[in-house]
Amino acid sequence: MRTYKYKIHNHSKNKRLGNLLDDLADVHNHFLRLEKRYYRIYGKYAGRYRMQPHLTKLLKTTKKHWSWIPRDTLDVAIIRIDTAYQRFFSGQGGIPKPKRKHRYRSAKFQTGYKLENGRVRISFKSWDEWTQSLKFNRIWFSFHQHRNWHGDVRYIQILRDSSGEYWLYIVTDDTSTEPYQPTGESVGIDFGLKTFLTLSTGEKIESPEFLKQSLKQLRTLNKSVSRKIRGSNNWWRAIRQLARHSIKVANQRLDWQWKVATDLCRRFDTIATETLNLDGMKRLWGRKVSDLAFYQFVQVLEYKCFKHNREFHQVGQWTPTTKPCSDCGFKNGTLSLNDRQWTCSQCGSHHDRDINAAINILRAAYDPVVEQI
Ligand SMILES: [Zn+2]
């Protein structure tokens, strides 16, 4: 599966898309309340196969005003709740929460849309009071097609970002690869708070200055929002500014991450990283972890490795990578978080903490037995 992202041109009819997402927030919240009630009575949650027939009933009775939305798009709202509960009960996610209207971000269309060069048609339904029947309103939205998509389209998604712009995501089944030449090299990567990436080759990759600068501006804008009176005109202006800037920072970061991942894929046949334990990292480093977006980087890297036929390894999160000496395997039990450099008391090697960890990560990827020690 491959996702292509396009900007939908600003137009007054985009209001329809906004209304659509607001209504989907309603659907989401309605079914969430229903789940809560169901749980109180039966001690379990109701799956999608219980909820979907209920939706059919609602559309004919109390929630007629939802029926303008394509049915498969409505169904996705319910399926998302179902998946969220499954994740919650298997301990993989938080409890599903109600969403405020402008916070509902995306609608999925599996049928009833049509794609053409630079435009997409979505069929909404409307209830005609005169004829007492549903009629179709087919609306075209144009988007900036800066590149072509490849493969068969599986579904599309309409997204609303926090600054109120709309995006079209086209998901296709394209799995073509563009293999790079083998280089015979492999690398282990350690993530860090001070240095974004440390490679087992000894290289250190820092976040670029412009990104740090933008993050600093982001903090300034955040402060400026909190100084304004909530709901005032100035507050709204600051909120919009903040949203625009957040998006800019996120784009810059993603752009940079693609470049770093491309460079790594060109140079190495095998790439090994740690499995991220974000909760543990947050506890260790504080909230800044979310700024650093390791998770996103791992996704980009994994995708690039797939695309260019590179081997991608993630070593288990319980694999000791920091304390063992990468030369002799001696475990340095006294190593603390502040020790950036250390000398092995067994073999006398001098280590940079992060480089040593990166080497251990690479080794663990080749030798899974290490994990059990
Ligand atoms: Zn040693």
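Can you name every residue in the stretch 298-347 that is of a type in the set (G, A, S), under 35 Å from the mean Cα position of the chain (by Cα) and modelled with pLDDT under 90?
G316, S336
Applying the selection to the stretch 110-141, what residues are within 17 Å of L21 (Cα to Cα) and in contact with an Asp or Glu (Cβ under 6 Å, 6 or more places away or on another chain)?
Q110
Quick grid of which residues meet (1) over 22 Å from the mean Cα position of the chain (by Cα); (2) basic (K, R); (3) assigned by TED's automatic domain parsing to the domain that holds Q296:
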residue	(1), (2), (3)
K216	yes, yes, no
K228	yes, yes, no
G231	yes, no, no
A238	yes, no, no
A250	no, no, yes
D255	no, no, yes
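For the list (1) surrounded by fewer than 19 Cβ atoms within 10 Å (Cβ to Cβ); (2) more than 14 Å from the ligand (Cβ to nearest atom), I need the number of the one condition that S349 fails.
(2)
Across the stretch 327-343, what is the total count of residues that are surrounded by 14 or more Cβ atoms within 10 Å (Cβ to Cβ) and either within 8 Å of the ligand (Cβ to nearest atom) or touching a residue at least 40 places away in the same chain (Cβ under 8 Å) (or both)?
3
Quick check: anything in the stretch 278-297 more than 16 Å from the ligand (Cβ to nearest atom), touching a Cys at 6+ places or on another chain (Cβ under 9 Å) and among the hydrophobic types (A, V, I, L, M, F, W, C)?
Looking through the stretch 278-297, none of the residues is more than 16 Å from the ligand (Cβ to nearest atom), touching a Cys at 6+ places or on another chain (Cβ under 9 Å) and among the hydrophobic types (A, V, I, L, M, F, W, C).
Determine whether G47 is in contact (Cβ under 8 Å) with a residue 12 or more places away in the chain and either surrounded by fewer than 19 Cβ atoms within 10 Å (Cβ to Cβ) or on the phi > 0 side of the Ramachandran plot (or both).
It is true that G47 is in contact (Cβ under 8 Å) with a residue 12 or more places away in the chain and either surrounded by fewer than 19 Cβ atoms within 10 Å (Cβ to Cβ) or on the phi > 0 side of the Ramachandran plot (or both).
Take S224 and tell me if it is small (G, A, S) and assigned by TED's automatic domain parsing to the domain that holds D327.
no
Table: residues versus (1) surrounded by 15 or more Cβ atoms within 10 Å (Cβ to Cβ); (2) β-branched (V, I, T); (3) in contact (Cβ under 8 Å) with a residue 24 or more places away in the chain; (4) under 18 Å from G18 (Cα atoms).
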position: P70; (1), (2), (3), (4): yes, no, yes, yes
position: I95; (1), (2), (3), (4): no, yes, no, no
position: Y104; (1), (2), (3), (4): yes, no, yes, yes
position: K108; (1), (2), (3), (4): yes, no, yes, yes
position: F143; (1), (2), (3), (4): yes, no, yes, yes
position: H150; (1), (2), (3), (4): no, no, yes, no
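State whether one or more residues within the stretch 258-280 are assigned to a helix (DSSP H, G or I), aromatic (F, W, Y) and surrounded by 14 or more Cβ atoms within 10 Å (Cβ to Cβ).
Yes, that holds for at least one residue.
Cβ-Cβ under 7 Å, sequence separation 6+ or interchain: first residue in the stretch 293-314 and free of Cβ contacts under 8 Å to residues at least 24 places away in the same chain, partner assigned to a helix (DSSP H, G or I). Which pairs?
Pairs that qualify, where the first residue is free of Cβ contacts under 8 Å to residues at least 24 places away in the same chain and the partner is assigned to a helix (DSSP H, G or I), are Y295/L278.
Kindly evaluate P53 against the criterion of being out of contact with any Phe, Trp or Tyr (no Cβ under 7 Å at 6 or more places or on another chain) and assigned by TED's automatic domain parsing to the domain that holds N19.
Yes; evaluated as a whole, the condition is true for this residue.
The values are calculated or read from the model by the stated rules, or taken from the named source; none is laboratory data. The model shown is predicted, which means the values in this text are computed figures rather than measured ones. For neighbour counting, all protein chains shown are included, and Cβ atoms are generated from backbone atoms with ideal geometry for every residue, glycine included.
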